[in-house]
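S.K.: One structure coming up, written as structure tokens, with questions to follow.
Quick note: the coordinates plus some simple rules give every number you see, no bench work behind them. Worth saying up front: this structure is predicted, and the values here are computed from it rather than measured. We place every Cβ from the backbone using ideal geometry, glycine too, and count neighbours over all the protein chains shown.
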Amino acid sequence: MLITKKFIFHSSHFLPHYHGKCENLHGHTYKLVVTVEGPIGKDGLVIDFVLLEKIVNEHVIKHLDHHHLNDIITNSSAENIAVWIWEKLSTAMKSEKFMPSRVRLHEVRVWETPTSSAIYRGE
Ligand SMILES: [Zn+2]
């Protein structure tokens, strides 16, 4: 079973190795969709949505929302943001004591615009 939760964050960035509009400082309203995978537990849930929201807010959204992404991720393309989020979340989920051990991170999808996104499923 796959479970998803959607988040919005607003950030500025520029692409240092790109030639075009995105090499200039600008902002996006990013959409993040986090997908976890696991079996349905005895409580009828794969994971409590509230717990998933808390983990993503604490470990990802808090650091990116209304921040300048290049201060955090040097080349802040949607692809690299997705990898950064994956690494933060996979570490956070392993150390979260309330996270059911049967649940794993499945996919991180970062929407930079309403029509453009990057999907990362780890290596
Ligand atoms: Zn951009």
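S.K.: To the nearest 10 degrees, how steep is helix 78-95 against the longest Cα principal axis of the chain, on a 0 to 90 scale?
M.R.: 30
S.K.: In a Gaussian network model over the chain where Cα atoms closer than 10 Å are linked, find which of ILE85, ILE47, ILE72 has the largest mean-square fluctuation.
M.R.: So, out of ILE85, ILE47, ILE72, the one fluctuating most is ILE72.
S.K.: Additional query: Once you charge only the Cβ atoms, +1 for Lys and Arg and -1 for Asp and Glu, what is the size of the charge dipole of the chain about its Cα centre, to the nearest 20 debye? Don't jump to the answer; show the numbers that get you there.
M.R.: On the way: 14 positive and 14 negative charges, 64 e Å.
It comes to approximately 300 debye.
S.K.: Moving to a separate point now. Ignoring everything except DSSP H segments at least 4 long, calculate the 222 nm mean residue ellipticity for the chain; use -39,500 (n - 2.57) per segment, divide by total residues, nearest 500. Mind dumping the intermediate values first?
M.R.: Details: 2 runs with 26 residues, N = 123.
Only helices count here, giving -6500 deg cm²/dmol.
S.K.: Sticking with this structure for a sec: Once fully extended, how much extra length lies between LYS42 and LEU2, figured as 0.36 nm per residue of separation less the alpha-carbon to alpha-carbon distance?
M.R.: On the way: separation 40, 0.36 × 40 = 14.40 nm, distance 1.64 nm.
So the extension gain works out to 12.8 nm.
S.K.: On to the next question. With Cβ to Cβ distances under 15 Å as the rule, what net charge do the other residues near ARG102 carry (K, R +1; D, E -1)?
M.R.: On the way: positive: LYS42, LYS94, LYS97, ARG104; negative: GLU37, ASP43, ASP48, GLU96.
Net of charged neighbours comes to 0.
S.K.: Of the DSSP beta bridges with both residues in the chain, give the percent that are antiparallel, rounding to the nearest 5. Show your work: numbers first, answer last.
M.R.: Numbers: 24 of 25 bridges.
In the chain, DSSP labels about 95 percent of beta bridges as antiparallel.
S.K.: Which residue, chosen from VAL108, ASN70, GLY27, occupies the Cα position most advanced towards the positive end of the dipole of the chain, where the dipole is computed from +1 (Lys, Arg) and -1 (Asp, Glu) charges on Cβ about the Cα centre?
M.R.: VAL108
S.K.: Here's another thing I want to ask about it. In what order do MET99, MET1 fall by count of nearby beta-carbon atoms within 10 Å, going from fewest to most? Each step should come with its number before you reach the end.
M.R.: On the way: MET99 19, MET1 11.
The fewest-first ordering by Cβ neighbours comes to MET1, MET99.
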